[in-house]
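Trainee: Quick one: the structure is below, questions incoming.
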Amino acid sequence: MEDYIFTGSYTYQIDPKGRMRLPASFRSMLGTHLRIGYGDGKYLVIYTEASVQELREQRKAVDPYSQREQAKLFRDKFSSMKDFECDGQGRYTIPSDFRNELDLKDEIVIAGNDQLVEIWSKYNFEHRDEDDIAYWRFDKKYLEEKPQQ
């Protein structure tokens, strides 16, 4: 994969047709042939050609018979991906099924996450840590109660 890093978070408007812009610094690193798909949470991920190729290589290493869960994850990831193209005015359109599923309207957040670019509803981005905090509290409680060996 290419050696670049996406950092920062940016709030943008999304219009009723699902059109949005990306930060200029992200656009220059992403290239032109992009895909979009679900992330592992309440957000979308923008995939570059290189990141799709890397996923393909990872998928090839998975045995669909002995690694059924991993194979299913890859199937779900690839089957949900769609082309993500820029129009003549520098806008990208998020497909309606993605917008509806993740409540992407009005304001969205474009977030860099190392070699990934994520698209969040502003609400979900602002509340993203609540699930993490709940898991952390559960793990901490479990570890404190677990008998020492």
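The values are calculated or read from the model by the stated rules, or taken from the named source; none is laboratory data. Here the structure is a predicted model, which means the values were calculated and not measured. Cβ atoms come from the backbone with ideal geometry, glycine included; neighbour counts cover every protein chain shown.
Trainee: Listed residues D132, D114, D106; which is at positive phi, modelled with pLDDT under 90 and either touching a His at 6+ places or on another chain (Cβ under 8 Å) or of a type outside the set (S, T, Y) (or both)?
Mentor: The conditions single out D114.
Trainee: Okay, next question. Filter segment 1-18 down to the residues that are within 17 Å of D103 (Cβ to Cβ) and of a type outside the set (A, V, I, L, M), then identify the one that is surrounded by the most Cβ atoms within 10 Å (Cβ to Cβ).
Mentor: G18
Results for (1) under 16 Å from G31 (Cβ atoms); (2) surrounded by fewer than 18 Cβ atoms within 10 Å (Cβ to Cβ); (3) in contact (Cβ under 8 Å) with a residue 60 or more places away in the chain, shown as yes or no for each residue.
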site	(1), (2), (3)
A50	yes, yes, no
Q53	yes, yes, no
V62	no, yes, no
L73	no, yes, no
F84	yes, no, no
P95	no, yes, yes
N113	no, yes, yes
Y123	no, yes, no
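Trainee: Another one. Are any of the residues in segment 20-37 touching a helix residue (DSSP H, G or I) at 6+ places or on another chain (Cβ under 7 Å), closer than 16 Å to E107 by Cα, touching a residue at least 12 places away in the same chain (Cβ under 8 Å) and of a type in the set (G, A, S)?
Mentor: The answer is no, given that none of the residues of segment 20-37 is touching a helix residue (DSSP H, G or I) at 6+ places or on another chain (Cβ under 7 Å), closer than 16 Å to E107 by Cα, touching a residue at least 12 places away in the same chain (Cβ under 8 Å) and of a type in the set (G, A, S).
Trainee: Could you say which residue among E49, E57 is more than 18 Å from the chain's Cα centre (by Cα) and not aliphatic (A, V, I, L, M)?
Mentor: One residue alone meets the criteria, E57.
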